[in-house]
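Participant: Take this structure, written in structure tokens, and hold onto it; I'll ask about it next.
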Amino acid sequence: MNASGSSALPRLWLVRHAAPQIAPGRCYGRLDVPAEPEATRQAARALAPALPARLAAVHHSTLQRCEQLALVLQGLRPDLTLQPDARLVEMDFGRWEGRPWDAIARAEIDAWAAQLPRHAPGGGEALADMLARVAEALAAARRQAAMGGDVVWLTHAGVARCVQWLLRHGGARLPRAGDWTLPAPAYGRWMSVPLAPG
């Protein structure tokens, strides 16, 4: 029940890590780069009081830019138990990782856009595979929320977009390049979405 006495669906908080320490214009997905320490502290200080007192679960991506946020957040909210979850990592861009986007052949990027769900950029991970692992994590979040309370993920922009796609379309269809315009939180910010029973 909320303060007005009416029932409300639990929510999934999608929290994005702080700005990573990598040169602008470089491809980084699974590349395990750290986040800016002060930006991480600022993000945690904003998030800690915003989160509800009672939470069903808090999970974080296993990449260090999310682990940093998890550790600082736990220092501010020692009541939280944070659990790593590899399903919440960003897309793997394979051999593109760490390269400037403008150094990646246009033909390679066009091939990815033409077959967005099934093409693995740089030989890494196809979007269909990423959606499948995020769908598994989302099903687990629904089960946790059913026990009472919101669920929090400390994660990445790509995961936030996957969640939104899955909530809108489920497994009914895979996105095309023109569909992949879903919003994502800015660095160190968050969004929340209702977690209806699956």
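The values are calculated or read from the model by the stated rules, or taken from the named source; none is laboratory data. Given the structure is predicted, the values throughout are model-derived calculations rather than measurements. Because the Cβ atoms are built from the backbone with ideal geometry, glycine has one as well, and the counts that use them run over all protein chains shown. When the accessible area is computed, the model is the full protein with side chains, heavy atoms only, and any ligands, DNA or RNA have been set aside. Shrake-Rupley method; radii C 1.70, N 1.55, O 1.52, S 1.80 Å.
Participant: Against the condition open to solvent by 50 Å² or more (accessible area, probe 1.4 Å) and either over 30 Å from Ala53 (Cβ atoms) or part of a loop (DSSP other than H, G, I, E, B) (or both), how does Ala132 come out, does it pass?
Facilitator: For Ala132, the condition - open to solvent by 50 Å² or more (accessible area, probe 1.4 Å) and either over 30 Å from Ala53 (Cβ atoms) or part of a loop (DSSP other than H, G, I, E, B) (or both) - is met.
Participant: Take segment 172-195 and flag every residue that is open to solvent by 60 Å² or more (accessible area, probe 1.4 Å) and assigned to a helix (DSSP H, G or I).
Facilitator: Answer for segment 172-195, where residues must be open to solvent by 60 Å² or more (accessible area, probe 1.4 Å) and assigned to a helix (DSSP H, G or I): just Gly178.
Participant: Going through Gln115, Gln164 one at a time, which residue ends up being touching a Leu at 6+ places or on another chain (Cβ under 6 Å), of a type in the set (S, T, N, Q) and surrounded by fewer than 20 Cβ atoms within 10 Å (Cβ to Cβ)?
Facilitator: Gln164
Participant: Hey, another quick one. Checking Arg142 against (1) more than 21 Å from the chain's Cα centre (by Cα); (2) more than 15 Å from Arg26 (Cα to Cα); (3) open to solvent by 50 Å² or more (accessible area, probe 1.4 Å); (4) modelled with pLDDT of 95 or more, only one condition comes out false. Which one?
Facilitator: The number of the failed condition is (1).
Participant: Does segment 91-111 contain at least one residue that is surrounded by 17 or more Cβ atoms within 10 Å (Cβ to Cβ), within 14 Å of the chain's Cα centre (by Cα) and of a type outside the set (D, E, K, R)?
Facilitator: Yes, because at least one residue in segment 91-111 is surrounded by 17 or more Cβ atoms within 10 Å (Cβ to Cβ), within 14 Å of the chain's Cα centre (by Cα) and of a type outside the set (D, E, K, R).
Participant: Go through (1) within 19 Å of Val89 (Cα to Cα); (2) surrounded by 18 or more Cβ atoms within 10 Å (Cβ to Cβ); (3) in contact with a helix residue (DSSP H, G or I) (Cβ under 7 Å, 6 or more places away or on another chain) one by one and return the number of the condition Gly123 breaks.
Facilitator: (2)
Participant: Given the conditions (1) under 16 Å from Leu69 (Cβ atoms); (2) modelled with pLDDT under 95, which single one is not true for Ser4?
Facilitator: Checking Ser4 against (1) under 16 Å from Leu69 (Cβ atoms); (2) modelled with pLDDT under 95, the one that fails is (1).
Participant: What are the residue pairs meeting all of these: first residue in segment 111-132, first residue over 19 Å from Ala160 (Cα atoms), second residue modelled with pLDDT under 95 and outside any loop (DSSP other than H, G, I, E, B), Cβ atoms under 8 Å, and 6 or more apart or on different chains?
Facilitator: What qualifies is Ala113/Ala177; Ala114/Ala177.
Participant: Just one of Leu80, Leu9, Leu31 is open to solvent by 80 Å² or more (accessible area, probe 1.4 Å), in contact with a strand residue (DSSP E or B) (Cβ under 9 Å, 6 or more places away or on another chain) and part of a loop (DSSP other than H, G, I, E, B); which is it?
Facilitator: Leu9
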